[in-house]
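For reference, the structure is listed below as structure tokens.
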Amino acid sequence: MDLSTNYLGLRLRTPLIAGAGPFSQTHDGVRRLEDAGASAVVMYSLFEEQLTLDHGQLLEFLAQGGSYADTVARFGGKRRINMSPIDYLEAINAASTAMEIPVIASLNGSPDLRWTHFGRLLEQAGASAIELNFYYVPTDELLDSTVLELRYVETLRAIRSQVNIPVALKLSPYFTNLTAAVRALSSAGADGFVLFNRYYQPDIDLDTLRVRPHLTPSTPHDIRLALRWISILQGRIPASYAATGGVHSSDDVLKLMMVGADAVQLCSAILRHGVEHIRTIESGLRIWLASRQKSSIADIKGQLSQAKSPNPSAFERAQYMKTLESYEPDISVPAVSSDSTS
Ligand SMILES: Cc1cc2nc3c(=O)[nH]c(=O)nc-3n(C[C@H](O)[C@H](O)[C@H](O)COP(=O)(O)O)c2cc1C
């Protein structure tokens, strides 16, 4: 059974990538992901704040063209914050040297040119690709969305111009016209898209009356956002597409591959079930494909993308009314909760 796939120009043994998360924070963690069957690993992110807050001199040095070796030699001793950019480079270097699977570096920040010089060092350290995570919550009511999108494009271009390895963008779904934004970013050199970034929403603690960050693992329902958008984008804008968010089982992977994903990224599923779950998902893929007499996962890829779907409107507004009409209330669940005061 051939489960191989091409993602960002990288030949992967299976579509099952370990997404950015806590497991890659140690070298042993990366090794365990590889041993458990991950076909590539996205390292935990290096955050813009780690590059800009305490590392003005480092950024200046990079802007002047400092290489990986020079940078480690000059700044290696200065570890002033918990995880320094140098630690990150060394982690990438160690992982990419020791592992056979591609190691993808992750840069996480707002669209801003100040931290883009670092891309070059990630390539020199041995990263097979860079995943650029634009995690940005715009709150400036005077910032026009086209201006903001141009900043995304410029930030990508700045990194793209410095590296020869593929660059993927991990985006949020909050664009007025996602298709147009993806087209602009693809034209500016993005090799692929990771859909979607999960924005963690704050919550209120009613005991302490404080706002607190709230990180909940995803559920399989969450894949539907990527399912819709990969299906729509895949036939329109040629690029690699990886799904992230809610991929927990082989069924989820099959659905995403059917709409045209090249790969999926696993995070919550590994946190919940352990790294061995990667192998369980792989077995599930093999069993399902064999039951349909398919010899490779490529045989099902894209067969239900919007362009090929017998019901293309299912992915757009036209299906909205039908979906609402098809709702049947579950009579076993009380319509009004007992503590409702309204
Ligand atoms: C504990 C935790 C740490 C994460 N760290 C990162 C990170 O460093 N960089 C990043 O781009 N995404 C990070 N993510 C997001 C995941 O890579 C992934 O996109 C998201 O959790 C949705 O996928 P999932 O449903 O498989 O969890 C993290 C998620 C969790 C739960």
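Every read-out reported here was derived from the displayed coordinates using simple, explicitly stated rules and does not represent laboratory data. Note that the coordinates shown come from a computational prediction; the quantities given were computed from them, not determined experimentally. Note: ideal-geometry Cβ built from the backbone for every residue, glycine included; neighbour counts use all protein chains shown.
Details
- The three principal axes of the C-alpha atoms in the range 5-309 carry coordinate ranges of 59, 50, 47 Å, sorted with the longest axis first.
- Assuming charge only on the beta carbon of Lys and Arg (+1) and of Asp and Glu (-1), the dipole of the range 5-309 about its Cα centre is about 840 debye to the nearest 20.
- For the range 5-309, lysine pairs with C-alpha atoms less than 28 angstrom apart, excluding pairs fewer than eight positions apart on the same chain, total 7.
- Ranked by the mean number of other Cβ atoms within 10 Å per residue, highest first, peptides 239-250, 162-173, 198-209 order as 239-250, 162-173, 198-209.
- Taking only the alpha carbons of the range 185-310, we obtain Rg and Dmax values of 16.9, 58 Å in that order.
- Amide H partners (placed H, <5 Å) of PHE193, local residues excluded: LEU169, SER240, TYR241, ALA242
- Positive-end ranking of SER218, ILE86, VAL264 along the dipole of the range 5-309, with charges on Cβ about the Cα centre, is headed by VAL264.
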